[in-house]
Amino acid sequence: MKALGILLLAVLCFIAAQGTSIPLFLILCYLLLALLALAYLWAWGNLRGIRVSRQVGTQRAQVGEEIRERIVLENTWPLPKLWVELQDHSDLPLHSSGFVAYLPGHERRRWTLRTPCTMRGKWRLGPLTLHSGDPFGIFRLQTTSDETAEVLVYPATVALPNLQLPGMELQGGTDLRTRTFHVTPNVSTIREYVPGDSFNRIHWRTTARTGRLMVKEFELDPTADIWIVADMHERSQAISDQRRTLLVDRRLGREIEVPESTEEYIVSAAASIARHLLDGSRSVGLLAWGQHRELIPPEREARQLYKMLESLAMLRAYGAHPLAEVLIAELTQFSRTSTAIVITASADPAWVASLQQLLYRGIRAVVVYVDQETFGGWPAQPVLTRLGELRVPVYRVAQGQPLSEALRQPIDAGATIA
């Protein structure tokens, strides 16, 4: 608008000069046109010869950690850039929107950005838009850089040192006579050390007695496959009006409030239980019907945890099928020696009947119930009463309750909730 006004004023001066033959109006016309040309060239030149690059410290993070990135602006021209505004169109929550910089000739400037991770998911960093103009404020031009990157934020996990999930042993305690390279609770024999054996396999008592290095041979433990079933039915969730305070910078004591929902509690519980079980060399799998069917077969490899965390990071409570239908549809995935850890916030007792079908097939079950009543949802007592009748171990998680405390021991599911 400023440029249009100046151009209109130059035209009026030219008309006045032609009508009055006064040289001053003609000089003003030329000065205004020269000003427009100079201002545009200045703004145009400020955006030329600039290189933008982004360096992301890590493409994987967890809720509560920080994403660190470095943005570098380089001026390849000998002329300085008086001011260049960089705007970042990232969709990562709490990400910095941009900054303004001065760039001398043939110089570069670096900025380090630290963004706290408050929400799980896959987020895009960029693209970048550069804005600049002339000293008179007549023109404001921009150019876009396609410099983008993606980061994946895993859900938060907590240590569960007191978690004891019953019903995980094969009936009869029969060992699986299969040698394994993993450290398990079952030692089959002792043999001499050979180069390449891990030092944590050395049996020091036998070594001291024989005077030679002796190592332990392990077998697969008699633990059945464990399935973590996360209920992602959309209508079974509840969102609280309250917000949770998350400490995202321990050095500076920076705290950020994030919304509370049963969906996030379910995902966090699933991730924490998976980490706890895999650290104990359990064979763990994941089953969830969210925006799509998510099925990760049970394994005990170290990479299994990251496969599950990546899946849980993208999982959303968009499921159209209730938990009762999911359990019946996936019944064939469970063997008679499996244990199902059902994590749900559903207040509909109908899914308990589907869980009973699993029990009839010899499948053992543990329920982690995220009480949506504490989130302002429906009462949980009918579901807990039905689970108490089936004698299924139930861990109840209330809003604001630390997960390590809630999973310390099962509750009396038949008791009345205070």
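Odds and ends about this structure:
- The Cβ shell under 14 Å around LEU312 holds other residues with a net charge of +1, Lys and Arg each +1, Asp and Glu each -1.
- This model, with +1 at the C-beta of Lys and Arg and -1 at the C-beta of Asp and Glu, gives the chain a dipole about its Cα centre of some 1180 debye.
- Extending 7 Å from Cα along the Cβ direction at MET119 and again at SER53 yields two label points whose distance is 3.2 nm.
- Inter-centroid distance (Cα atoms) of segment 99-161 relative to segment 326-359, Å: 45 Å
- Under Karplus coefficients 6.51, -1.76 and 1.60, residue-wise ³J(HN,Hα) of segment 268-280 in Hz, glycine/proline x: 5, 5, 4, 5, 5, 5, 4, 4, 4, 6, 5, 5, x
- For segment 345-359, 3J(HN,Hα) computed residue by residue from phi via the Karplus equation (6.51, -1.76, 1.60; θ = phi - 60°) reads 10, 5, 9, 8, x, 4, 6, 5, 5, 5, 5, 5, 5, 5, 5 Hz, glycine and proline entered as x.
- Nonpolar atom fraction for segment 1-70, defined as the carbon and sulfur part of the 1.4 Å probe accessible area, stands at 69 percent.
- With R₀ set to 22 Å, the beta-carbon distance separating HIS292 from ASP241 gives a calculated FRET efficiency near 0.15.
- Of all DSSP bridge pairs formed entirely within the chain, close to 70 percent run antiparallel.
- Summarising the amide proton neighbourhood of SER261: residues at separation of 5 or more, or on other chains, whose placed amide H is nearer than 5 Å comprise SER240.
- Paramagnetic reach from SER145 in segment 90-113 [backbone N under 16 Å; point 7 Å along Cα→Cβ]: 90, 96-113
- Of the accessible area of segment 327-374, computed with a 1.4 Å probe over protein heavy atoms only, carbon and sulfur atoms account for 48 percent.
- At a probe radius of 1.4 angstrom, the accessible area of the chain per residue rounds to 52 square angstrom.
- For segment 300-305, 3J(HN,Hα) per residue [Karplus equation, 6.51 cos²θ - 1.76 cosθ + 1.60, θ = phi - 60°, Hz, x = Gly/Pro]: 10, 5, 5, 5, 4, 4
The values are calculated or read from the model by the stated rules, or taken from the named source; none is laboratory data. All values derive from a computational prediction rather than experimental measurement. No Cβ is skipped: glycine too gets one built from the backbone with ideal geometry, and neighbour counts run over all protein chains shown. Accessible surface areas use protein heavy atoms only, side chains included; no ligands, DNA or RNA. Shrake-Rupley method; radii C 1.70, N 1.55, O 1.52, S 1.80 Å.
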